[in-house]
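Student: Dropping the structure in here first, questions after.
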Amino acid sequence: MRIVDFRITRFQFARDRVIGDSQVRADDVNVAAIELIDGQGRTGLGFVQSLFYPLPAEEELTRVFRAEAWPGLEGQTAGALAHRVNRPRGGNTRRLSVPFEEALQQAVWDLFAKSTGQPLWELLGGRRRSVRAYASGLDFHLSDAAFQSLFATAAQQGFTAFKIKVGHPDVERDIHRLNLLKQVVGPGAKVMVDANEGWTARQTLRNLGLFRSAGHEIFWVEDPVLRNDLDGLRLLRHSAGPTLINSGEYLETSDKRLLMQAGATDMLNVHGHVTDVMRIGWLAADMGVPVTLGNSFLEVGVNMALALPEVEWVEYSYQNFEHLIERPFEIRDGLIWGSEAPGHGLVLSEAARRDWRRPHILDRDALGEAPPQCRLQKS
């Protein structure tokens, strides 16, 4: 069936904790749900997120979407849109005025999978139901007590791998956090660190050596240097000993290809753009490069993770979004499970639409209390 209508719902609310890394921080959520509706009333759902600034008012979001995105969607079938390859040339390669792109990929594929009656991961070729997840704190700005509480909860809930933010100007602070982590998750856990491009290649080697001397073996270091420093990344890949280099998070699809062709990473980091992830994931499989699924909104990326043969890990970062949907993905014993329902598995909650819809921009101090974060409750 063809796409006949759309709906946009704008949300804005306080976070339950400050999230961030050595470069940025955020304490509120700015999200819009995009719903594409076909002639049988089926809905494809995607999410637009702005990390640092409020999204425009709902009326303006709708105006921009109708002017820039809707002409290419109206009357189309979701399957055709999902598989369509555009020829990028000159002025036809440009971003939309509002970052709808990821949400559109999610919504189109959700609707396509629903039209076939299949879970998205199965439609994409998946044969397994679960994939390993690691607990990620987005924790750079947390107090030591809050840092330990978050990761202690993760360990009690069955996670065995944990990623923390590093890149403090004083490397001793990074070592201190690794010490605190070990106290609550135990010495046998896998530990990853994410520097968010905060170091040079030489600093990375020095800091990894200091971590090792302090008793911390690091499974992977994520984005240690600038994203386009292929020489630095290649040096690290050959000099970091057992620590793997995980990079690519900040790169567009074509630059991810160049990263792998340069032999500059051990693992490729991808996110929530369904079409882009599958295309680069197939290339990674062809080149034998493992793929990790970084943060994707409400873990929708588990669908691609289950479908791609090189994916071993999905990031879970305890963000309080789960009230927006009817049912989150199941996480059990350190594994995240794909949904059996047709589509990508996420359905917008009508209660959330009623209670948390914010059609107009609110000042930060008008947001009130954060929604509850159910998975931060200790099991």
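The values are calculated or read from the model by the stated rules, or taken from the named source; none is laboratory data. Please read all numbers here as calculations on a predicted model, not as lab measurements. Backbone-built Cβ (ideal geometry, glycine too); neighbour counts: all protein chains shown. Surface areas here come from the heavy atoms of the whole protein model, side chains and all, with no ligands, DNA or RNA. Shrake-Rupley method; radii C 1.70, N 1.55, O 1.52, S 1.80 Å.
Student: Please indicate, with yes or no, whether at least one residue in the stretch 318-328 is over 25 Å from ASP355 (Cβ atoms), touching a residue at least 12 places away in the same chain (Cβ under 8 Å) and in a loop (DSSP other than H, G, I, E, B).
Tutor: Within the stretch 318-328 (the criterion being over 25 Å from ASP355 (Cβ atoms), touching a residue at least 12 places away in the same chain (Cβ under 8 Å) and in a loop (DSSP other than H, G, I, E, B)), the answer is no, since none of the residues qualifies.
Conditions (1) closer than 20 Å to HIS273 by Cα; (2) charged (D, E, K, R); (3) without any contact (Cβ under 8 Å) to a residue 12 or more places away in the chain, marked per residue:
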site	(1), (2), (3)
GLU60	no, yes, yes
GLU68	yes, yes, no
GLN76	yes, no, no
ALA80	yes, no, yes
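Student: So ARG132 passes all but one of these: (1) open to solvent by 40 Å² or more (accessible area, probe 1.4 Å); (2) out of contact with any Asp or Glu (no Cβ under 9 Å at 6 or more places or on another chain); (3) under 22 Å from GLU340 (Cα atoms); (4) not acidic (Asp, Glu). Which condition number does it fail?
Tutor: (2)
Yes/no per residue for (1) surrounded by fewer than 24 Cβ atoms within 10 Å (Cβ to Cβ); (2) within 28 Å of PHE329 (Cα to Cα); (3) touching a strand residue (DSSP E or B) at 6+ places or on another chain (Cβ under 9 Å); (4) not hydrophobic (A, V, I, L, M, F, W, C):
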{"position": "PRO224", "(1), (2), (3), (4)": "no, no, yes, yes"}
{"position": "LEU230", "(1), (2), (3), (4)": "yes, no, no, no"}
{"position": "ALA240", "(1), (2), (3), (4)": "yes, no, yes, no"}
{"position": "SER254", "(1), (2), (3), (4)": "yes, no, no, yes"}
{"position": "PHE297", "(1), (2), (3), (4)": "yes, yes, yes, no"}
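Student: Here's a follow-up. Inspect all residues belonging to the stretch 56-67 and state whether any of them is of a type in the set (Phe, Trp, Tyr) and closer than 24 Å to GLU299 by Cα.
Tutor: The answer is no, given that none of the residues of the stretch 56-67 is of a type in the set (Phe, Trp, Tyr) and closer than 24 Å to GLU299 by Cα.
Student: Moving on to the next point. What is the number of the single condition among (1) in a loop (DSSP other than H, G, I, E, B); (2) at negative phi that GLU197 does not meet?
Tutor: Only one criterion in (1) in a loop (DSSP other than H, G, I, E, B); (2) at negative phi is unmet by GLU197, namely (2).
Student: Are any of the residues in the stretch 182-194 open to solvent by 60 Å² or more (accessible area, probe 1.4 Å), free of Cβ contacts under 8 Å to residues at least 60 places away in the same chain and either part of a loop (DSSP other than H, G, I, E, B) or among the aliphatic types (A, V, I, L, M) (or both)? I'd like the intermediate steps shown before the answer.
Tutor: The initial filter retains those residues of the stretch 182-194 that are open to solvent by 60 Å² or more (accessible area, probe 1.4 Å), namely 182-183, 187-188, 190.
Retained after the next criterion (residues that are free of Cβ contacts under 8 Å to residues at least 60 places away in the same chain): 182-183, 187-188, 190.
Next, from what is left, pick out any that are either part of a loop (DSSP other than H, G, I, E, B) or among the aliphatic types (A, V, I, L, M) (or both): 187-188.
Yes, the stretch 182-194 contains a residue that is open to solvent by 60 Å² or more (accessible area, probe 1.4 Å), free of Cβ contacts under 8 Å to residues at least 60 places away in the same chain and either part of a loop (DSSP other than H, G, I, E, B) or among the aliphatic types (A, V, I, L, M) (or both).
Student: Give the stretch 135-149 a look and list any residue that's small (Gly, Ala, Ser), open to solvent by less than 20 Å² (accessible area, probe 1.4 Å) and not in a loop (DSSP other than H, G, I, E, B), or say none.
Tutor: First, pick out the residues of the stretch 135-149 that are small (Gly, Ala, Ser): 135-137, 143, 145-146, 149.
Keeping just the survivors that are open to solvent by less than 20 Å² (accessible area, probe 1.4 Å) gives 135-137.
If the condition is that a residue be small (Gly, Ala, Ser), open to solvent by less than 20 Å² (accessible area, probe 1.4 Å) and not in a loop (DSSP other than H, G, I, E, B), then ALA135, SER136 are the ones that fit.
Student: Given the conditions (1) closer than 17 Å to GLN118 by Cα; (2) open to solvent by 20 Å² or more (accessible area, probe 1.4 Å), report the number of the one that VAL274 does not fulfil.
Tutor: Condition (2) is where VAL274 drops out.
Student: Out of all the residues in the stretch 150-164, which are closer than 15 Å to VAL193 by Cα and in a loop (DSSP other than H, G, I, E, B)?
Tutor: Result: THR160, single match.
Student: Restricting to the stretch 39-90, count the residues that are open to solvent by 20 Å² or more (accessible area, probe 1.4 Å) and either in contact with a helix residue (DSSP H, G or I) (Cβ under 8 Å, 6 or more places away or on another chain) or not hydrophobic (A, V, I, L, M, F, W, C) (or both).
Tutor: Number satisfying all stated conditions: 31.
Student: Which condition does ARG95 not pass, out of (1) touching a strand residue (DSSP E or B) at 6+ places or on another chain (Cβ under 9 Å); (2) closer than 21 Å to LEU51 by Cα; (3) surrounded by fewer than 17 Cβ atoms within 10 Å (Cβ to Cβ), if it passes all the others?
Tutor: (1) is the only condition that ARG95 fails.
Student: Within the set of pairs 6+ apart or on separate chains, which have a first residue in the stretch 96-124 that is at positive phi and at pLDDT below 95, a second that is open to solvent by less than 30 Å² (accessible area, probe 1.4 Å) and of a type outside the set (Ser, Thr, Tyr), and C-beta atoms under 8 Å apart?
Tutor: Pairs that qualify, where the first residue is at positive phi and at pLDDT below 95 and the partner is open to solvent by less than 30 Å² (accessible area, probe 1.4 Å) and of a type outside the set (Ser, Thr, Tyr): there are none.
Student: Being crowded, with 22+ Cβ neighbours inside 10 Å and either part of a helix (DSSP H, G or I) or of a type in the set (A, V, I, L, M, F, W, C) (or both) is the filter here, so list the residues in the stretch 165-176 that pass it.
Tutor: VAL166, ASP174
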